[in-house]
Amino acid sequence: MKKILLDMDTGVDDALAIALTAAAEKAGDAQLIGITTCFGNVENTTAVRNSLSILSALGRTDVPVFPGSDRALAAKEKYIAGEECFLIHGHDGIGDAGFPLSEKAPETTDSVDFILQAAEKYGAELTLVPTGPLTNVARAIQRDKKTFEKIGRIVLMGGALAVKGNVSPYAEANISNDPEAAKIVLESGIPMTMIGLDVTHKTRIYSEETARWKTYGVTGTLFAEMTDYYIAFNNHEGCSLHDPLAAAEAIWPGTVGTLPFTVKVETESVARGRTYAVSYPDEGDSDHVQVGLTVSKTAVPLFKALLEEMLLSLG
Ligand code: RIB
Ligand code: CA
């Protein structure tokens, strides 16, 4: 059974990635072994709180949540979420839909320690799915690269290779929030799959779909209202399923079609946070980053149906 570890800045689409992974587990396709949190869409403490709330709404209080990085590698001050984050994800980070607080407490183990413990314990069976800034992942590599490399597969949401960024013309949000961490991770030589805006913009969900969830009961309504907040930010023209697509590729490899590249991260200039592929890699570079470029037409309706089936069963 594939073990999935989600590493996230729990906002709206991260929450949908948790729900999708839980649905896949119900179908017998994967096991969610934990969530490690990070600042990004929200502050780290809010990411912890939201992860626990979403798990509780899904009836999955058995899944442990490990608090992680509260700031970027180079930042002196703790990250504080700003107005732009509230506009996209709501003041609570999960669409102000009214998800009840969980009674469960987070774990006392730090995210970075848990990532390394899981790498040691599960090795090739483990897939790590970072869907926020790559701070925890970079810190795990810095602390113990040898143990980190035991992880079977890394499927991260972040970056934009051949399309514009979403926080600047150059940079995608997860990379922009900690370019130094992204550089450590994407230029580490460790094989990984990058699910960036090139491919996540091709997978969308619309309010006609969330309207159906509202007819399923309390949980369906909470998830629908949360997603509608995100859709409203996108002028009601649906929203990209960034983080769920990374989770889907982790659970069902082949959901996304990829090509291998040497990916670098810009940390200076106006293009800070840009991910780019080099045509003439330096000696020692390898095409170790599989970049997502296409989406399977059949996989997406299937994973949406699975998610919907679970919301229906939860009522
Ligand atoms: O650019 C999209 C990414 O930034 C998603 O992971 C979203 O949740 C935000 O973190
Ligand atoms: Ca995210």
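Points to keep in mind about this one:
- Enumeration of residues in region 161-178 that are crowded, with 24+ Cβ neighbours inside 10 Å and farther than 18 Å from Asp14 by Cα: Ala171
- Looking at Thr46, Thr61, Thr108, just one residue is touching a helix residue (DSSP H, G or I) at 6+ places or on another chain (Cβ under 9 Å) and of a type in the set (Ser, Thr, Tyr), and that residue is Thr61.
- Scanning region 207-239 for residues that are under 30 Å from Thr127 (Cα atoms) and at pLDDT below 95 yields Gly238, Cys239.
- Residues in region 146-181 that are assigned to a strand (DSSP E or B) and either free of Cβ contacts under 8 Å to residues at least 60 places away in the same chain or of a type outside the set (Val, Ile, Thr) (or both): Arg153, Ile154, Leu156, Met157, Ala171.
- The residues of region 39-56 that are in a helix (DSSP H, G or I) and within 14 Å of Asp14 (Cβ to Cβ), listed by number, are Asn44, Thr46, Ala47, Val48, Arg49, Asn50, Ser51, Leu52, Ser53, Ile54, Leu55.
- Some residue of region 174-182 being within 15 Å of ligand 2 (Cβ to nearest atom) and charged (D, E, K, R): yes
- Tally, over region 4-22, of residues that are away from ligand 1 (no atom under 11 Å from the Cβ) and over 18 Å from Asn136 (Cβ atoms): 3
- For region 190-223, a tally of residues being open to solvent by less than 50 Å² (accessible area, probe 1.4 Å), part of a loop (DSSP other than H, G, I, E, B) and more than 26 Å from Pro133 (Cα to Cα) returns 2.
- Residues in region 4-45 that are among the charged types (D, E, K, R) and under 22 Å from Val112 (Cα atoms): Asp7, Asp9, Asp14, Glu43.
- Count - residues of region 6-32 that are away from ligand 2 (no atom under 15 Å from the Cβ) and outside any loop (DSSP other than H, G, I, E, B): 7
- Close pairs from region 235-250: first closer than 16 Å to Glu25 by Cβ, partner surrounded by fewer than 24 Cβ atoms within 10 Å (Cβ to Cβ) and among the small types (Gly, Ala, Ser), Cβ under 8 Å, at least 6 apart: Ala248/Ala299; Ala250/Ala30
The values are calculated or read from the model by the stated rules, or taken from the named source; none is laboratory data. Predicted model, so just to flag it, every value in this text is computed and none were measured. Virtual Cβ from ideal backbone geometry, glycine too; neighbours counted across all protein chains shown. These accessible areas exclude ligands, DNA and RNA; they are computed on the full protein's heavy atoms, side chains included. Shrake-Rupley method; radii C 1.70, N 1.55, O 1.52, S 1.80 Å.
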